[in-house]
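Only one structure is covered here, and it is reproduced in the block below.
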Amino acid sequence: MSVYQKNEVEEVETSRTLSLIVDNQPGTLARVIGLFSGRGYNIESLTVTEIDKMRNLSRISLVTRGTSMTIEQIKSQLLRIVPVHIVRDLTLEGQFIKSELALVKLVVKGANRVEALRVAETFRARTLDVTLSSFIFELTGKPSKLDAFIDLMRSLGDTEISRTGVSAISRGNKTETKLLDQI
Amino acid sequence: MAINYNSGAEAVIKALVENGVEVIFGYPGGAVLPLYDALFENKNIKHILVRHEQAAVHAAEGYARSTGKVGCVLVTSGPGATNAITGLTDALMDSIPIICLSGQVPTHLIGTDAFQEADTTGISRPCTKHNYLVKDANKLCEIIHKSFVIASSGRPGPVLIDLPKDIQLANVKYVNKVSKIEKHNNVNISNIDKDLIHKVATLLLQAERPIIYGGGGVVNSGPYASKLLTELVNILDCPVTLTLMGLGCVPNTNKNFLGMLGMHGTYEANLAMHNCDVMLNVGARFDDRVTGRLNAFAPNSKKIHIDVDKSSINKVVSVDYGIVGDCKEVLSALIHEVKKLHNQKSIKSKTKWWSQINQWKEKDSLGFKQIGNNIKPQQAIKSLYEKTKNFDTYITTEVGQHQMWAAQYFGFSKPNRWMTSGGLGTMGYGLPSSVGVQIAHPKSLVIDISGEASFLMNMQELSTIVQYKLPVKIFILNNEWMGMVRQWQELNHGSRYSESYTASLPDFVKLAESFGIEGLRVDNINNLETTIDQMIKIKGPVIADIRVEKEENCFPMIPSGAAHNEMILSSDDNHNDTSNEGLALV
Ligand SMILES: Cc1ncc(C[n+]2csc(CCOP(=O)(O)OP(=O)(O)O)c2C)c(N)n1
Ligand SMILES: [Mg+2]
């Protein structure tokens, strides 16, 4: 953005999920993150892991927020980064699946233990660890579902939370195979 | 076939040669000794020893901008690399293709805070187009070849390659450049949307008040792009204005050229921008120095933007038509279409538009009064232009009022003749840049138009100039002030001249003499021209200390936070106090 203030009625900001294919190489993630911090864009969630060992490619799933002009800017700025090969705007493309994993440690005694297990069951959370005074639950799904679960857990006792951030993929039978072959 | 093994350092030099490098600007140190060893008595690459690594990058920028080639830099690890950062940022902002090789501590010591270790790729990441830390000697050649493609393709920029000392010493099998074209950032030419070109051509032909605004992207696209831009202007018979970076793309003598636009642009250029109905931006980026207050920028116009960098389109100004592509490719498609349509229908008459523009011209916004014997800085540049326009001249500048006066009063008839730090505004750019220009054009007249304060920032390069016998002319508009700072303090801060006086200046003539070169001084308007003549006549380098009117301000000016139609033309102009919002702007 320029230092000059814009007076046009600012459009509403919306949340967007971007999916990037990048070289799995030192510095790539730093460049992506540096772009967001350097230009004052938001990152709401970011996950990254290698998805193609042969070609040494990683996927970055990224949730950001902004007006459509800002999002367009973010996308073209991302494409300027040399090791960034593909930038997909899943929100714009249509239907997509957004999923996240949370590990929730709950310290709890007495009657609340039963309540915790009941909530966990309702959410289909898996119990990974049990002591007489605590549980560790694993839950996957939409971020909003995870939020709801974590809120309930917090009201039952002391918690410790670890979340992976959003991983996303488009619905339907289309894949990126052809795009990847061009890299 | 015999397998060709080299040391990493030898392979690096070989790869540079293969990529067409003839000159490298550098400064040695412990971490690059193997590279310097490989350069020793090398016949293919000439090494220019600068006196500061920042200057190495600026020199390479001057070389690149005046030739269209990639500029090449070699610095040592730690302080060598950190000193180069300003130059790299400058090159990034102005889209100049640079390869910077930096030494690094050996790979096994990286991360240990070893002597002269710095996280060079970390520090330079935001100020390079791309950078590499070479950790595997087998990838060395490929990385260098790739770096040249990245630096020079799409929107050009600096690429840094960090070379640990053990990699420079390793055994490396030399790998030749492959001719495969790198896809990244390369806009596919055949992809230019024909429909879009048709719409834009129609719009331009139907416009009643069109204007073309060209920028540095035209220069970067090569001299042919400038020819095409001029051709388009002539066909449409429409006004054209250029940014600071674009000067020379359309000859200053072209009757349709309105001069530079923006903060210190001409009245007619800015008002034509403000009142146009169709604006065609070719290779410029709607920089804040150009647009003034955004919500009042060319309010009633349809805007078309041609840029090789997609992210430049709709970044600060939303446009009606964005065309991503190399300027010369898009311009040639556009001209083709305009000509085709032109045969079918006639261009809208622009008589009214031109008579309006001519009225604005009558304001004579660059007019000034040369009274008394003091030299007006504007006159100094005007005379310099008159005296040198028939020479093969290249101009570099520092940053400040003198830079703006040079842009306003010096005329450029060709691209690649004007080297100035536009995006970053780096004082100290001009002198080292002139080193690079003169190295590239040994027979040409290279002049650094300088301010006394800026000159002090990189004046160690006098030593480089003397060593390589570079006949650079340093034309200092000496007003004893950081004039541009003083001007803003006068206009925005109640004339409280806080720390903007350049005290304790050296005697520039004696300074020249101490380097064994000639120094000239003039403080009387009657001697200005003979001094310039003398300066040109002297075969070697010259420092010309031009003592100018000390408190002259640079006008016209769009005050910060104001719009194109709110220009002030002189100090007497009723200048409303700058708004708080405006005060916050740089
Ligand atoms: C490295 C750097 N530091 C500070 C500035 C801010 N600045 C812009 S112009 C200027 C004054 C330049 O003075 P001088 O070189 O004498 O030029 P004049 O304006 O007097 O022509 C300053 C300090 C800058 N542009 N670059
Ligand atoms: Mg000065």
Q | Dipole of the protein assembly as shown, positive direction: furthest Cα of B:Gly216, A:Ser170, B:Pro164, with charges on the beta-carbon | A | A:Ser170
Q. Going by the alpha-carbon gyration tensor, a ≥ b ≥ c the square roots of its eigenvalues, is the stretch B:377-445 rounded (a/c under 1.5) or, if a/c is not under 1.5, prolate (a/b greater than b/c) versus oblate?
A. oblate
Q) To the nearest 10 degrees, how steeply does helix A:143-156 sit against the main Cα axis of chain A, on a 0 to 90 scale? A) 30
Q. For the stretch B:432-539, which GluC sites (Glu not before Pro) are in a loop by DSSP, counting at most 10 other Cβ atoms within 10 Å?
A. B:Glu499
Q) In percent, how large is the relative contact order of the stretch B:161-316, given Cα pairs closer than 8 Å and 6 or more residues apart? A) 22
Q.
As a test of reading the structure, rank A:Thr49, A:Thr64 by solvent-accessible area (1.4 Å probe, protein chains only), most first.
A. A:Thr49, A:Thr64
Q | C-alpha long axis of helix A:68-80 to longest principal axis of chain A, angle in ° | A | 70
Q | chain A: relative contact order as a whole-number percent, Cα under 8 Å and 6+ apart | A | 24
Q | trypsin sites (Lys or Arg not before Pro) within the stretch B:477-586: DSSP coil, no more than 11 neighbouring Cβ in 10 Å | A | B:Arg496, B:Lys539
Q | Antiparallel %, DSSP beta bridges [both residues in the protein assembly as shown], to 5 | A | 45
Q: Quick one: order B:Val50, B:Val466 from most to least accessible surface, probe 1.4 Å.
A: B:Val466, B:Val50
Q) How would you classify chain B from its alpha-carbon gyration tensor, with a ≥ b ≥ c the square roots of the eigenvalues: rounded for a/c under 1.5, else prolate if a/b is greater than b/c, otherwise oblate? A) oblate
**Q.** Relative contact order [Cα under 8 Å, 6+ residues apart], chain B, whole percent
**A.** 13
Q: Would you grab the residues whose amide H sits under 5 Å from the one on B:Ile48? Only those 5+ places off in sequence or on another chain, please, with H modelled 1.01 Å from N.
A: B:Ile24, B:Phe25, B:Gly26
**Q.** Global geometry of the protein assembly as shown, whether rounded, prolate or oblate, following the gyration tensor of its Cα atoms and the 1.5 cut on a/c
**A.** prolate
Q. What list of ³J(HN,Hα) couplings, whole Hz, do you get for the stretch B:490-506 from phi and the Karplus terms 6.51, -1.76, 1.60, once you set θ to phi - 60° and write x for glycine and proline?
A. 5, 7, 10, 10, x, 6, 8, 7, 6, 6, 9, 7, 8, 7, 6, 6, x
Q) What does the accessible area of B:Leu133 come to, in Å² to the nearest 10, when a probe of 1.4 Å is used? A) 60
Q: Would you tally the net charge around B:Tyr5, using a Cβ to Cβ cut-off of less than 14 Å, leaving B:Tyr5 out, and scoring K and R as +1, D and E as -1?
A: +1
**Q.** Listing of the stretch B:288-313 residues, each with accessible area lower by at least 30 Å² in the full protein assembly than in the chain alone (probe 1.4 Å)
**A.** B:Asp288, B:Leu294, B:Asn295, B:Lys310, B:Ser311
Q: List the GluC sites (Glu not before Pro) within the stretch B:322-425 that fall in a DSSP loop (any state other than H, G, I, E or B) and whose Cβ has at most 16 other Cβ atoms within 10 Å.
A: B:Glu362
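The values are calculated or read from the model by the stated rules, or taken from the named source; none is laboratory data. Being a predicted model, the structure only gives us computed values, none of them experimental. Neighbour counts are summed over all protein chains in view; Cβ atoms, including those assigned to glycine, are modelled from backbone coordinates with ideal geometry. Side chains are part of the model used for accessible areas, which takes the heavy atoms of the whole protein and leaves out ligands, DNA and RNA. Shrake-Rupley method; radii C 1.70, N 1.55, O 1.52, S 1.80 Å.
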